[in-house]
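Take a look at the structure below.
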Ligand code: BT5
């Protein structure tokens, strides 16, 4: 573990209190100049570190596997975690290192420099203020069932956030608070010669972003949990809850194809069902009434122009309101 991550772990464990240099030295058995160097590196890199008198503290807790481990009572999801200060994209790291990653292993980064959304879009993940995570799965499942994992992940996130606020799901992959996007899911797969080698569930969650951290072009569609709840989010508690819920849905899904427990959460929290939206793909834009989420995880819609009902399974499209994101 790097010295900077050791310092982050120490500061996370005493949050909201801080530590003096002497206390750091006592707790870590590191030399004074090593601690000083690590702290100045963190401050230079714009980690949320505050100085109060002779104490250093965190403005809000940061990702720390040491803090997640005692809270997350899972068998394999998040049992092993690789945390990086900065990655281009946790999904790219997972793809490139798939062979050495175990089923259920999780990649985390304090920051992504080139985070990815769907369809070549980008995902913004400023340092320390959001969760960038990829879960690696190596199951024996049919390729047509992989997209159900997006719904499973969305339901697990709703469960993890339940106590915080009213969270909605915008099919297929957006988590919404107060009609703005607060998290997104991107699933990628690796095949070799027709055999599924692994599934990567990429999830970005806006935890402690202030509105000034949200890029100009996203102000009207993006938000963070902190912005909505006015409370600091502990990313470690949130992830521990998420891992427990994910595993709870995932085990029976893989063994017996049980989907109703998570699909019912998606239906109950859907922001789309019962309303009219534009369904937009590369070639057309059609208004539709949104009826339901089907047992296969698709969106059941009735188009206004033909009055025909169809199940949308492709996620290569956007669902939009009349003038807005939702
Ligand atoms: C997504 O795509 O919502 C999937 C996002 C997945 C991000 C995670 S982070 C960990 C893992 N590693 C990666 O490289 N990616 C995954 P999509 O539905 O295409 O939405 C992308 C759109 O959301 C962008 O075009 C922006 O309009 C908007 N956006 C970008 N950053 C955002 C943010 N931080 N919060 C809310 N909206 C954002």
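Derivation of every value follows stated rules applied to the coordinates shown; laboratory data play no part. The structure displayed is predicted, hence computed values, not measured ones. Because the Cβ atoms are built from the backbone with ideal geometry, glycine has one as well, and the counts that use them run over all protein chains shown.
Residue 326 falls short of the stated requirement of being in a strand (DSSP E or B), surrounded by 15 or more Cβ atoms within 10 Å (Cβ to Cβ) and within 22 Å of the chain's Cα centre (by Cα). Taking the criterion of being closer than 19 Å to residue 293 by Cβ, more than 16 Å from the ligand (Cβ to nearest atom) and touching a helix residue (DSSP H, G or I) at 6+ places or on another chain (Cβ under 8 Å), the only residue of the range 156-192 that qualifies is 159. Going through (1) in a helix (DSSP H, G or I); (2) within 7 Å of the ligand (Cβ to nearest atom); (3) in contact with a helix residue (DSSP H, G or I) (Cβ under 7 Å, 6 or more places away or on another chain) one by one, residue 134 falls short only on (1). For residue 145, state whether it is closer than 17 Å to residue 263 by Cα and within 11 Å of the ligand (Cβ to nearest atom). Answer is no for this residue.
All conditions in (1) part of a helix (DSSP H, G or I); (2) touching a helix residue (DSSP H, G or I) at 6+ places or on another chain (Cβ under 8 Å); (3) under 30 Å from residue 252 (Cα atoms) hold for residue 94, with the sole exception of (2). For residues that are more than 10 Å from the ligand (Cβ to nearest atom), surrounded by 19 or more Cβ atoms within 10 Å (Cβ to Cβ) and assigned to a loop (DSSP other than H, G, I, E, B), tally how many sit in the range 101-126. Matching residues across the range 101-126 total 3.
So for the range 265-277 (the condition being within 21 Å of the chain's Cα centre (by Cα), exposed (fewer than 14 other Cβ atoms within 10 Å of the Cβ) and outside any loop (DSSP other than H, G, I, E, B)), does at least one residue qualify? For the range 265-277, residues within 21 Å of the chain's Cα centre (by Cα), exposed (fewer than 14 other Cβ atoms within 10 Å of the Cβ) and outside any loop (DSSP other than H, G, I, E, B): present.
What helices (runs of 4 or more DSSP H), lying completely within the range 14-89, carry at least 2 residues that are closer than 20 Å to residue 127 by Cα? Break it down into steps so the answer makes sense when it comes.
Numbers: elements: 21-28, 32-44, 65-68.
It comes to 32-44, 65-68.
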